[in-house]
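Here's the structure, in structure tokens; my notes come after.
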Amino acid sequence: MSGKWRNVALLTVCEVFAMTLWFSGSAIIPGLRQEMALSDSQAAAMASAVSFGFVAGTLVSAFFTLVDRVRPQTLFMCAALTAATANLGTLVIDPAGPWMPVLRFMVGACMAGIYPVGMVLVSSWTEKDRGLLVGLLVAALTLGSGSPHLIDLFGGLDWRFTIIASSAMATLGGLLCLLFRTGRPFTKASAFKPGQMLQALTDPALRLANFGYFGHMVELYAVWAWIGLFLASSLAVYPGGEHAPELAKLLAFTMIGSGAIGSIAGGILADRIGRTWLTMGAMAISGLCCIFAGFAFGMPTYVLVILCVIWGISIIADSAQFSASVIELSPPAYVGTMVTTQTCIGFVLTIATIHAVPFLVDWFGWSGAFIPLAAGPFLGVIAMARLRAMPEAVRLAHGKK
């Protein structure tokens with residue numbers, strides 16, 4: 001397959017650049033609070049609106065089978081340019097006003113034409129390395145998601161720099177995607193069948209794979225959305241915390257960005273040892289990090305660095321493997337519907353947990369805010385252990401479960 005890794009590398013860069021838009025709203029919250037009164041509920045709305053938009057965009061894309069109707073590279077470019085424009089709209093509105101969630105919703109809806117479409121594009125090059133290639137795309141997602149924190153660091157307290165830079169990167173990523181060449185022609189996807197969505201919960205094997213993913217999602221985006229403020233608060237209470245805002249941005253990028261290592265390593269390991277073992281191990285570690293974060297609050301910087309690296313790697317290492325599991329367990333005619341169902345329910349859960357964190361902070365303080373989220377990955381471990389014991393598990397990872 002001539003040109004495989006050149007095209008995969010190009011797509012990975014495009015994904016990194018385009019995905020900077022996802023958390024650009026969360027990254028600028030500290031800067032916004034320097035200029036205006038921004039409540040926790042407003043900050044949560046900025047973060048959750050992206051998830052709302054992504055769910056809506058995914059459903060619309062699936063219902064109209066846009067990937068079949070529009071060349072995937074062109075769909076990716078149009079989504080990236082539209083999202084970049086919506087992101088730039090932040091500069092001409094009151095960020096604390098009602099239009100901010102609307103713009104973030106638009107960004108999220110456009111992400112449905114970037115991340116899932118990227119999965120479709122990379123699938124044209126997969127052979128027996130599905131776990132690795134899907135892991136590479138999730139690695140790109142994590143780097144892109146963490147990048148706004150790094151961009152915000154270079155921009156100082158001027159949140160406008162982050163908005164402009166992330167929009168420029170997304171525009172470039174969208175245009176570069178037009179250069180991507182597929183490895184083999186795409187198989188025409190079956191029509192989206194809303195009635196078949198119930199099979200995701202009624203089929204025992206699919207239900208357990210989905211429950212594992214749901215447990216993973218209970219933790220993931222809530223932590224990613226609020227880790228910056230957690231770190232800033234922790235560093236501020238430690239003696240010598242005058243540089244807490246800048247250091248928090250760097251550590252937030254370290255935490256999310258290190259997930260790229262976890263995604264790639266997770267993909268390689270899943271192809272070798274099996275998807276259930278990989279997902280159970282990653283969720284067990286990330287769940288423990290949710291608990292340990294409470295003890296790490298207010299401790300020296302090196303403790304937070306260790307936490308961020310371990311947590312960042314483990315929290316995303318399993319993500320791509322849930323999608324791969326559903327693809328392998330689903331009837332071929334309904335793969336698109338099953339993946340859409342998994343994604344939509346998972347992101348609906350993120351909306352709830354993103355909004356729950358401010359209440360948890362009010363009740364328990366930052367030292368206890370993430371501990372309840374550990375229930376998600378721990379329940380996910382149970383689901384994947386039960387799946388491993390089922391006969392259907394031999395369809396995972398070429399029989400390695």
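Values quoted throughout were computed directly from the atomic coordinates according to the rules given, and no laboratory measurement underlies them. Quantities reported herein were computed from a predicted structural model and do not represent experimental measurements. Using ideal geometry, Cβ is built from the backbone for each residue, glycine included, and neighbour counts are taken over all protein chains shown.
Does segment 1-84 come out rounded, prolate or oblate by the C-alpha gyration tensor, with a ≥ b ≥ c the root eigenvalues, rounded set by a/c under 1.5 and, if not, prolate when a/b is larger than b/c and oblate if not? Note, shape of segment 1-84 comes out oblate.
Multiplying the residue separation of Phe161 and Trp5 by 0.36 nm and removing their Cα-Cα distance gives an extension gain of 52.8 nm. Put simply, the amide H of Gly274, placed in the peptide plane, has no neighbours under 5 Å, leaving out anything fewer than 5 places away on its chain. The label-point distance for Ser39 and Thr182, in a model that sets each label 7 Å from Cα toward Cβ, rounds to 4.9 nm. Here is the list for segment 54-149: trypsin sites (Lys or Arg not before Pro) lying in DSSP coil, each with at most 13 other C-beta atoms within 10 angstrom of its C-beta, are Lys128.
In sequence order, segment 362-372 has phi-based couplings of 4, 7, 10, x, 4, 5, x, 5, 8, 4, x Hz under the Karplus curve 6.51 cos²θ - 1.76 cosθ + 1.60, θ = phi - 60°, and Gly or Pro positions carry x. Label reach from Val303 (point 7 Å along Cα→C-beta): in segment 280-297, amide nitrogens under 16 Å belong to 289-297. Reported to the nearest whole Å, the Cα centre-to-centre distance from segment 14-33 to segment 282-350 is 20. Counting only aspartates and glutamates at least 8 places from Lys4 when in the same chain, those with an alpha carbon closer than 19 Å to its own are Glu15, Glu127, Asp129, Asp271. Scaling against 2.2 N^0.38 Å puts the C-alpha radius of gyration of the chain at 0.92. Computed from point charges on the beta carbon alone (+1 for Lys and Arg, -1 for Asp and Glu), the dipole magnitude for segment 195-401 about its Cα centre is near 560 Debye. Residue pairs exceeding 32 angstrom between C-alpha atoms, taken from Lys193/Lys249; Lys193/Lys400; Lys193/Lys401: Lys193/Lys249. Could you check which residue among Ala37, Ala244, Ala168 shows the biggest mean-square fluctuation in a GNM of the chain with a 10 Å Cα cutoff? Per the Cα network of the chain with a 10 Å cutoff, Ala37 tops the list. Is the shape of segment 334-401 best called rounded, prolate or oblate, per the rule: a/c under 1.5 gives rounded, else a/b larger than b/c gives prolate, else oblate, with a ≥ b ≥ c the square roots of the Cα gyration tensor eigenvalues? The shape class here is oblate.
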